[in-house]
Number of protein chains: 2
Amino acid sequence: MKKFINETDTLLDESLHGFSKAHAEIIDYNPSPRYVTRIMSNTNNKVALISGGGAGHEPLHAGFVGLGMLDAACPGQIFTSPTPDQMLAAAEAVNNDSGVLFIVKNYAGDVMNFEIAAEMLECPSETVLVSDDVALPKDHPTGRRGVAGTLIVEKIIGAAAEQGMDLIACKALGDRVSQATASMGVALTSCTVPALGKPTFELAENQIELGVGIHGEQGRETASLSSAREIVEQIAQTIDAELQPQNNQPVLLHVNGFGATPLIELYLVYDLAYRFWDRRGINICRSLVGNYTTSLDMAGCSITLTLLDEEMIGLWDAPVHTAALRWGC
Amino acid sequence: MKKFINETDTLLDESLHGFSKAHAEIIDYNPSPRYVTRIMSNTNNKVALISGGGAGHEPLHAGFVGLGMLDAACPGQIFTSPTPDQMLAAAEAVNNDSGVLFIVKNYAGDVMNFEIAAEMLECPSETVLVSDDVALPKDHPTGRRGVAGTLIVEKIIGAAAEQGMDLIACKALGDRVSQATASMGVALTSCTVPALGKPTFELAENQIELGVGIHGEQGRETASLSSAREIVEQIAQTIDAELQPQNNQPVLLHVNGFGATPLIELYLVYDLAYRFWDRRGINICRSLVGNYTTSLDMAGCSITLTLLDEEMIGLWDAPVHTAALRWGC
């Protein structure tokens, strides 16, 4: 295992200390229990937005804490849910008398721990569950996984909360964005979890994993390596069949790298996905390309499409100042 | 070779088409000869800033075209210098009667082709040569390579040009920033150039390449894999010996990923580098962590330090709106 690491046990804390120093103007890091909070002044009594999940997906979620997005994020150990005490402490730190909204990716551990935290919390709270991974069928026993669409939900509700939207309306908006969002990924290689020290799964030199999860979960199919055009076509068709965008529908197209795929390839994937929906008369009016919801050192990417309306476009464009997304300020 | 690719020959163009569509509000792509220009209005008659170099280092340089940074970038084929006709066409497209400043990484092909373009250009021009890689000795026959410090030069002169600084002063400022900047990299793995189809160099499972260049050039030493602490210590000591920052010296600390190293590791490297200079009483007042000057799918990173003065700090903080760096607007 070749990584920049001192000891497996200290990797996360050392990294978060680095993160907090590199972005000291945006966030504060509380090491025990572990959470990151926004330090920018919160002048209005806004709804507090909190997300979290296993580490290894950086910049998700700590990289999205700041003005116009999250108020706090709780990182668990790598690919491991954070604990309820982290979530509770984070919620108490950022609650501003307007209630707390948890944004949770649909994984059993995350869901359970956020539920426990919500029960223990002595203020109103709501939860938006993100399950945008259409590689799995809708009726999958544990539901669909939450993947790269999560940041789109976080950005749009983040802007709404910043503008003073109340808890119930934020929850409804979050559900609406979540339902309008579909993602699917593909791995060219496995990632290597430091504590394990070897690849999570095996892929031959001519194989890819279509529909892979962001922890290296098995996808739809282990397929033969084909051209980028064929790979993108299969993913885009699956997403398109799910969302069924109509002619002229405004959409956000997000191509997300899993960590080890260079930008030159991600923009090529974007070009192919753009052409796919452009041919169908879809209005690709917003875009995001880069490594945002990663899987450590996995080579691969995912494509996410969100059907937008005027309100969502305005909220997507609203100012954001976080470590990983920044515009308008 | 596992990559998202259709054909080796079309990769760069397809990727640049994707790039231009994803960032249509910032840049325009001219496919023949190949260059990217800024489309934002240039209200004052500012000096035109142009950079370029082989592709495979994305987001460098096209990702730095836009308000407050470059006016144009000329991408060559992967790891191959762009040609003088690209540079000349780009210069003619963005020249605004205040002269053209070329920012060139010190590689023989780039230097020669930018020189030819400057000679052919019928307007005043100057060149800032960046050679920040201190892995090589100062008296190396071809000089030191230009690496991740280049974007710092581009950002600072970019802001100065935006504020109306003239050509001669921009050139002098660029030289000053360049001389105040030192970088050194380390590779954990080789990259794979698509046209070659196999790794550029070999490293055993327990080996790293200290002082590697951004095209996989041999560094100072093929060393044994050690802890991140030891690796960072060696790099930081080399940079420190070169720049010899004094107590309380304000600096910009940039940790740059080569493309396949996850952010969780880059922030750990940042933490270690921060501690190194903090212990020496250096004032780390600006930071940048992420994949900015990449080497395709190489795992590894570089550390860059720039000694700042008040003027440089102001220019670093000035608004920038490019695909890869954005703040203040």
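Only residues that are modelled with pLDDT of 95 or more, closer than 29 Å to B:Thr80 by Cα and either open to solvent by less than 20 Å² (accessible area, probe 1.4 Å) or in a helix (DSSP H, G or I) (or both): list them for region B:214-241, please.
B:Ile214, B:Ala223, B:Ile235, B:Thr238, B:Ile239
Does B:Thr150 qualify as being modelled with pLDDT of 95 or more and either surrounded by 24 or more Cβ atoms within 10 Å (Cβ to Cβ) or of a type in the set (Ser, Thr, Tyr) (or both)?
On the way: modelled with pLDDT of 95 or more: yes; either surrounded by 24 or more Cβ atoms within 10 Å (Cβ to Cβ) or of a type in the set (Ser, Thr, Tyr) (or both): yes.
Criteria met by B:Thr150.
Need the failing condition index for A:Glu92 against (1) assigned to a helix (DSSP H, G or I); (2) in contact with a helix residue (DSSP H, G or I) (Cβ under 9 Å, 6 or more places away or on another chain); (3) acidic (Asp, Glu), just the number.
(2)
Pick from region A:97-146 the residues that are free of Cβ contacts under 8 Å to residues at least 12 places away in the same chain and either assigned to a strand (DSSP E or B) or under 20 Å from A:Ser183 (Cβ atoms) (or both): which of them is most open to solvent (accessible area, probe 1.4 Å)?
For region A:97-146, the residue satisfying everything is A:Lys138.
Which of the residues that make up region A:252-311 are more than 9 Å from every other protein chain (Cβ to nearest Cβ), open to solvent by 10 Å² or more (accessible area, probe 1.4 Å) and part of a strand (DSSP E or B)?
Within region A:252-311, A:Asn283, A:Cys285, A:Arg286, A:Leu307 qualify.
Can you spot a residue in region A:23-33 that is modelled with pLDDT of 95 or more, in the same structural domain as A:Ala73 (by TED's automatic domain parsing), crowded, with 17+ Cβ neighbours inside 10 Å and within 25 Å of B:Phe258 (Cα to Cα)? Write out each step before concluding.
Pass one, region A:23-33, residues modelled with pLDDT of 95 or more: A:23-33.
Keeping just the survivors that are in the same structural domain as A:Ala73 (by TED's automatic domain parsing) gives A:23-33.
Then keep just the ones that are crowded, with 17+ Cβ neighbours inside 10 Å; that gives A:23, A:26-27, A:29-30.
Now restrict to residues that are within 25 Å of B:Phe258 (Cα to Cα): A:23.
Yes, that holds for at least one residue.
If I ask for residues that are more than 9 Å from every other protein chain (Cβ to nearest Cβ), within 22 Å of the chain's Cα centre (by Cα) and touching a residue at least 60 places away in the same chain (Cβ under 8 Å), which ones from region A:1-39 would you list?
A:Ile26, A:Ile27, A:Asn30, listed by residue number.
Residue-by-condition table, conditions (1) within 20 Å of B:Thr192 (Cβ to Cβ); (2) of a type in the set (S, T, N, Q):
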| site | (1), (2) |
| --- | --- |
| A:Ile208 | yes, no |
| A:Gly213 | no, no |
| A:Gly216 | no, no |
| A:Ser226 | yes, yes |
| A:Asn256 | no, yes |
| A:Gly259 | yes, no |
| A:Leu266 | yes, no |
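From the list A:Ala260, A:Ala241, which residue is assigned by TED's automatic domain parsing to the domain that holds A:Phe276 and farther than 22 Å from B:Ala22 by Cβ? Can you show your working first?
Numbers: A:Ala260 fails: farther than 22 Å from B:Ala22 by Cβ.
Only one candidate passes the filter, namely A:Ala241.
Could you pull out the residue among A:Ser51, A:Ser20 that is in contact with a Lys or Arg (Cβ under 9 Å, 6 or more places away or on another chain) and surrounded by 18 or more Cβ atoms within 10 Å (Cβ to Cβ)?
Numbers: A:Ser20 fails: in contact with a Lys or Arg (Cβ under 9 Å, 6 or more places away or on another chain).
Of the residues listed, the single one that is in contact with a Lys or Arg (Cβ under 9 Å, 6 or more places away or on another chain) and surrounded by 18 or more Cβ atoms within 10 Å (Cβ to Cβ) is A:Ser51.
Applying the selection to region B:178-232, what residues are among the basic types (Lys, Arg) and within 9 Å of chain A (Cβ to nearest Cβ)? Even if it seems obvious, please write down each step before you answer.
Step one: list which residues in region B:178-232 are among the basic types (Lys, Arg), which gives B:198, B:220, B:229.
Passing the criteria: only B:Arg229.
The values are calculated or read from the model by the stated rules, or taken from the named source; none is laboratory data. Since the structure is predicted, the reported quantities are computational estimates derived from the model, not experimental observations. FYI the Cβ positions are ideal-geometry reconstructions off the backbone, even for glycines, and counts take in every protein chain you see. Note: accessible area is taken over every heavy atom of the protein model, side chains too, but ligands, DNA and RNA are not part of it. Shrake-Rupley method; radii C 1.70, N 1.55, O 1.52, S 1.80 Å.
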